Amino acid sequence: MLKIEALTAGYSSVPVLHDFSLEVAPGEVAAIIGPNGCGKSTLLRCVTGLLKPQAGSITLEGQNIWQMEPRQRAQCVALLPQSFEGGHDLPVETMVMLGRTPYLPPYGAPTRQDQGIVDNALKAVNAETMRTRRVGELSGGERQRVMLARALAQQPRVLLLDEPTSHLDIRYQHEILSLAWQLAQAEQLAVVLVLHQINLAAAVADKLVLLAEGGFIRATGSVEQVITEENLEMVYGVPLRVVPHPRTGRPQAQSLWDFKAEVGPGQPRDPMPPLL
Amino acid sequence: MAVTSDKQTQRFGVSLRWLLLLGLFVVVVLLAATLGAPVPLSDLWASDTDRVAVARQIFLQLRPPRLLAGMLVGASLATSGAALQAVFRNPLAEPYLLGISAGGALGATAALAWHLPSFGVFESSSLLAFAGSLAAAFLVYRLGQGRVLHGFGSFDRATLLLIGVALSAFLSALMSLLVTLSPDAGLAQKIMFWLLGGLTLARMSNNGILALALGVGMATMLASARDLNATQVGDEEAASLGVSIGTLHRRLLLVSALMSSAAVATAGLIGFVGLLAPHLVRLLFGNDARALGPAAAIGGATLLVGCDALARSVAPPLELPVGIITALLGVPLFLFLAKRA
């Protein structure tokens, strides 16, 4: 069980995330949504151990992750980062083997067991045929699958995905999210997703947190509790209506923004009258 | 299975490359040990005892320390360069980056200008060059510390590089001041010799220190291979994989400074070996840190021993400073590599 309690974090004395709490059980998928700059990525950086929280605690099975050694933490928490800084020249297999970093001895020679774990991770994301290709040559969707395989090779208990669907077309968006959900079930991972697309979050998550500008929680709980017209309009400042999905019945948000109307840039106008 | 046979081919290729590098090293060392002497090697087995004595002195007493110094200096500079290129994730990083050249030059100049006595088996210029290099590196590191906002580790790469450049200019100015104010007219020439670098002053005592520095440096490099490989994907991702970036960087900066300072103390400022050798062996072994350290060391040793042999034999009996050869050969090679990448 991943337990985040009253977390406050930021880069200077002014926090960008305030009093954030969330519990994610093994096998559960939690999604964090909210506008740009509301502290979503900051939250993931705290859980990964990259940014020290200013207040509050993050525990995994009762153990404070900030009291763990970096290697021990990397054996429990894996992050699928939002963007790539380097490693474009690496073959896919080498990139996935980097997921074994927290387990390898200092010289870094992998054992047969490590190789087996990497093979299984590649199989789990259906990327076995990519092994020898270079990461820089992959399409956006393929690369996300490889990065997911690397995270799996860490054999974590918590999997964090930072906007895994950005830069992907709709098919790969669905593919990566269903992979994340299936892995949460199969490996009993506690998954935390940061997403921009409200409807994808509503479709895949077991629980949702809606953050408002300034890093305050606007709503938290089940999908139905969070995805309401009132909550979304308040946070995003866009006229919306929420309807049940025709197949699953889960709430989905539709924009009522009038693109043809003459309004100032970024100025939402009053919601349109109901269509029917 | 296809995967296994792929792996076997790969492993075979890697073994072949090691064999190539080691073979080149052995050939160059053997050539350097035997060629270009005023008397032929066969004199060692001559019937004339005088000729045997001369040949023995050249091949068994004069050459071995110098050959060994060439290997150790080349290996130390190359390993230091490989470590710094990995830390700064910058292909232009080289051993003299942290003010080590200017600090060493100032130290040697001070020792020569003030005619400081030697200390035991060590020349005062070597000792002061060593101390000056280490002090400069330490100063650059301290000045560059604590400038990290969003990043990891304890310094900002660009800031540290800038401070290295600035401090080098400052120390060079101090050195010029010492030379200008010195009543010793021959000082400028002695310094010149030192600045161009050379192995003529190689001593077994210095070689001992060099071997120690190289041993510590190589062990550290090998023990950091896992973490260095992870940092290829960026500091933040490496940190999320459990790498302690700050510790890794401090450790590698320290041993790089140690290795290049020991090299500078023995042979002066030999340029380009530390920059070039890691790039050359990357052509063979790629970026894998597990291979890069040892391969760079062997490559650097081969390069410097080869250049030193050329320096001795290009225009006998005149001996060119080896730094001239390394730059004359190194720069075109480097330009070729830079264009290729």
Looking at segment B:309-320, is at least one residue assigned to a helix (DSSP H, G or I), within 14 Å of another protein chain (Cβ to nearest Cβ), surrounded by fewer than 19 Cβ atoms within 10 Å (Cβ to Cβ) and not small (Gly, Ala, Ser)?
no
Kindly list, by first and then second residue, each pair from a residue in segment A:41-59 that is within 11 Å of another protein chain (Cβ to nearest Cβ) and over 19 Å from residue A:213 (Cα atoms) to a residue that is of a type in the set (Ser, Thr, Tyr) and surrounded by fewer than 17 Cβ atoms within 10 Å (Cβ to Cβ), limited to pairs with Cβ atoms under 8 Å and residues at least 6 apart or on different chains.
A:51/A:11
Here is a list of conditions, (1) in a helix (DSSP H, G or I); (2) more than 21 Å from residue B:145 (Cβ to Cβ), and residue B:87 meets all of them except one; can you say which number that is?
(2)
Residues in segment A:200-254 that are over 21 Å from residue A:8 (Cα atoms), acidic (Asp, Glu) and surrounded by 15 or more Cβ atoms within 10 Å (Cβ to Cβ) total 3
Filtering segment A:25-40 down to residues that are of a type outside the set (Asp, Glu), assigned to a loop (DSSP other than H, G, I, E, B) and either touching a residue at least 60 places away in the same chain (Cβ under 8 Å) or touching a strand residue (DSSP E or B) at 6+ places or on another chain (Cβ under 7 Å) (or both) yields A:25, A:26, A:27, A:34, A:35, A:37, A:38, A:39
Hey, among A:112, A:131, A:100, A:71, which residue is at the interface with another protein chain (Cβ under 10 Å from one of its Cβ atoms), of a type in the set (Lys, Arg), surrounded by fewer than 23 Cβ atoms within 10 Å (Cβ to Cβ) and farther than 22 Å from residue A:2 by Cβ?
A:131
Where a residue in segment B:310-328 is farther than 24 Å from residue B:40 by Cβ and its partner, wherever it lies, is hydroxyl-bearing (Ser, Thr, Tyr), with Cβ under 9 Å and at least six apart:
B:321/B:200
Take segment B:180-197 and flag every residue that is of a type outside the set (A, V, I, L, M) and either over 24 Å from residue B:318 (Cβ atoms) or surrounded by fewer than 21 Cβ atoms within 10 Å (Cβ to Cβ) (or both).
B:180, B:182, B:183, B:184, B:186, B:189, B:190, B:193
Mind telling me which of the residues A:79, A:22 ends up being assigned to a strand (DSSP E or B), within 14 Å of chain B (Cβ to nearest Cβ), under 24 Å from residue A:202 (Cα atoms) and of a type in the set (A, V, I, L, M, F, W, C)?
A:79
Could you tell me which of the residues A:125, A:118 is more than 30 Å from residue A:12 (Cβ to Cβ) and within 13 Å of chain B (Cβ to nearest Cβ)?
A:118
Hey, which of the helices (runs of 4 or more DSSP H) in segment B:194-306, taking only ones fully inside, have at least 3 residues that are within 17 Å of the chain's Cα centre (by Cα) and away from chain A (no Cβ under 14 Å)?
B:204-223, B:245-267, B:273-285
Pick from A:156, A:91, A:106: which is out of contact with any Ser or Thr (no Cβ under 8 Å at 6 or more places or on another chain) and within 14 Å of another protein chain (Cβ to nearest Cβ)?
A:156
Among the residues that make up segment B:20-40, is at least one of them touching a His at 6+ places or on another chain (Cβ under 7 Å) and hydrophobic (A, V, I, L, M, F, W, C)?
no
Suppose the filter is of a type in the set (Asp, Glu) and farther than 25 Å from residue A:23 by Cα; does residue A:169 pass it?
yes
Please verify whether segment B:155-173 includes one or more residues that are closer than 27 Å to residue B:305 by Cα and either more than 14 Å from chain A (Cβ to nearest Cβ) or part of a helix (DSSP H, G or I) (or both).
no
Being closer than 22 Å to residue B:297 by Cα and modelled with pLDDT of 90 or more narrows it down to one of B:97, B:92, B:84, so name that one.
B:84
Please verify whether residue B:302 is buried (at least 24 other Cβ atoms within 10 Å of the Cβ) and in contact (Cβ under 8 Å) with a residue 24 or more places away in the chain, treating the condition exactly as stated.
yes
Only one of (1) touching a residue at least 12 places away in the same chain (Cβ under 8 Å); (2) farther than 30 Å from residue A:68 by Cβ fails for residue B:336. Which number is that?
(1)
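For every residue, the table says whether it meets (1) aliphatic (A, V, I, L, M); (2) part of a loop (DSSP other than H, G, I, E, B); (3) crowded, with 24+ Cβ neighbours inside 10 Å.
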{"position": "B:68", "(1), (2), (3)": "yes, no, no"}
{"position": "B:74", "(1), (2), (3)": "no, no, yes"}
{"position": "B:78", "(1), (2), (3)": "yes, no, yes"}
{"position": "B:91", "(1), (2), (3)": "no, yes, no"}
{"position": "B:98", "(1), (2), (3)": "yes, yes, yes"}
{"position": "B:104", "(1), (2), (3)": "no, no, yes"}
{"position": "B:109", "(1), (2), (3)": "no, no, yes"}
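The values are calculated or read from the model by the stated rules, or taken from the named source; none is laboratory data. Quick caveat, the model's predicted, so the values are computed rather than measured. Cβ coordinates were reconstructed from backbone atoms using ideal geometry, including for glycine residues, and neighbour counts include every protein chain displayed.
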